[in-house]
Amino acid sequence: MAFEYSDERPLQLAVLISGGGSTLANLVEWIADGRLKRAVIGSVISSRAEVRGVEIARAARLPLHILRPRDFPDADAFAATQADLIDKAGADLIVMAGYLCMWQFPERFAGRVLNIHPALLPAFGGAGMYGRRVHEAVLAAGVAESGCTVHLADHLYDHGPIIARRTVAVMPGDTPESLAARVGEAERELYPEVIQRVADEGLEWLARFRAS
Ligand code: GRF
């Protein structure tokens, strides 16, 4: 029987950001207005200091840490410090939200690090495929559909077992901006819905994707 989270013992999220923070802002909203239940953001970690996502975390009074890879002697030291912080925050689920660093997380986190990507993986993902570039590539390929993908992270960019995808149409005359807006709408529903599923059914539900 999977562990179910409750109002007294909500699913603790650690949210990792690097930029605009729209994914974080959306989760804050869903939690505040009760669309996302039995989940709380216990910590936010940003890989950059001067970004809007940091302001969003501060405005929402969320515990915030700035952890920049370049302040560490090497990738291992960075990864270990970040993992310690997440453990100390008591996080159950690690939610990458526009997080742009490759983070070699320890094995104990495998199966509980989520990412969202603004395309239908496995297409249009990988190193350098973020932001506007993704939508440019989709339009250049001339495909009829795009969308977003929530997946378990591993140690490759935009890679790991797919948990859920949502499709949107590519319309005639779309620009990277208009397509990004349509995909963004889908993201703002899909990510909290997946997190709700974890809050409802426990981390074991996610682990099933890892095994399959
Ligand atoms: C979105 O495209 C999302 O799919 C990707 O980061 C973008 C959002 O960035 N992972 P942010 O949350 O506004 O920083």
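The values are calculated or read from the model by the stated rules, or taken from the named source; none is laboratory data. Since this is a predicted model, take the numbers as computed values, not measurements. Heads up, the Cβs are rebuilt from the backbone with ideal geometry, glycines too, and the neighbour counts pull from every protein chain shown. Note: areas computed on protein heavy atoms with side chains; ligands, DNA, RNA excluded. Shrake-Rupley method; radii C 1.70, N 1.55, O 1.52, S 1.80 Å.
List of remarks:
- Candidate set from region 133-190 (those that are among the acidic types (Asp, Glu) and in a helix (DSSP H, G or I)); member that is nearest to Leu36 (Cα to Cα): Glu189
- Here Arg166 passes the criteria (1) in contact with a Phe, Trp or Tyr (Cβ under 8 Å, 6 or more places away or on another chain); (2) of a type outside the set (Gly, Ala, Ser); (3) touching a residue at least 12 places away in the same chain (Cβ under 8 Å) except the one numbered (1).
- Qualifying residue in region 110-127 (condition: in contact with a helix residue (DSSP H, G or I) (Cβ under 6 Å, 6 or more places away or on another chain), within 14 Å of the ligand (Cβ to nearest atom), open to solvent by 30 Å² or more (accessible area, probe 1.4 Å) and farther than 27 Å from Ile41 by Cα): yes
- Enumeration of residues in region 36-54 that are within 14 Å of the ligand (Cβ to nearest atom), in contact with a Ser or Thr (Cβ under 7 Å, 6 or more places away or on another chain) and in contact (Cβ under 8 Å) with a residue 40 or more places away in the chain: Ser47, Gly53
- When region 29-72 is limited to residues that are surrounded by 14 or more Cβ atoms within 10 Å (Cβ to Cβ), in contact with a strand residue (DSSP E or B) (Cβ under 7 Å, 6 or more places away or on another chain) and of a type outside the set (A, V, I, L, M, F, W, C), the one that is nearest to Pro10 (Cα to Cα) turns out to be Arg38.
- Candidates are the residues of region 143-193 that are on the phi > 0 side of the Ramachandran plot and open to solvent by less than 60 Å² (accessible area, probe 1.4 Å); the one that is modelled with the highest pLDDT is Gly147.
- Residue count for region 159-212, restricted to those that are hydroxyl-bearing (Ser, Thr, Tyr) and under 16 Å from the mean Cα position of the chain (by Cα): 1.
- Selection from region 88-108 of residues that are open to solvent by 70 Å² or more (accessible area, probe 1.4 Å) and either in contact with an Asp or Glu (Cβ under 6 Å, 6 or more places away or on another chain) or of a type outside the set (S, T, N, Q) (or both): Lys88, Glu107, Arg108
- Counting only residues that are away from the ligand (no atom under 16 Å from the Cβ) and among the hydrophobic types (A, V, I, L, M, F, W, C), region 1-35 holds 5 of them.
- Residue check for Trp103: closer than 16 Å to Leu190 by Cα, of a type in the set (Phe, Trp, Tyr), within 16 Å of the ligand (Cβ to nearest atom) and not assigned by TED's automatic domain parsing to the domain that holds Leu156: no
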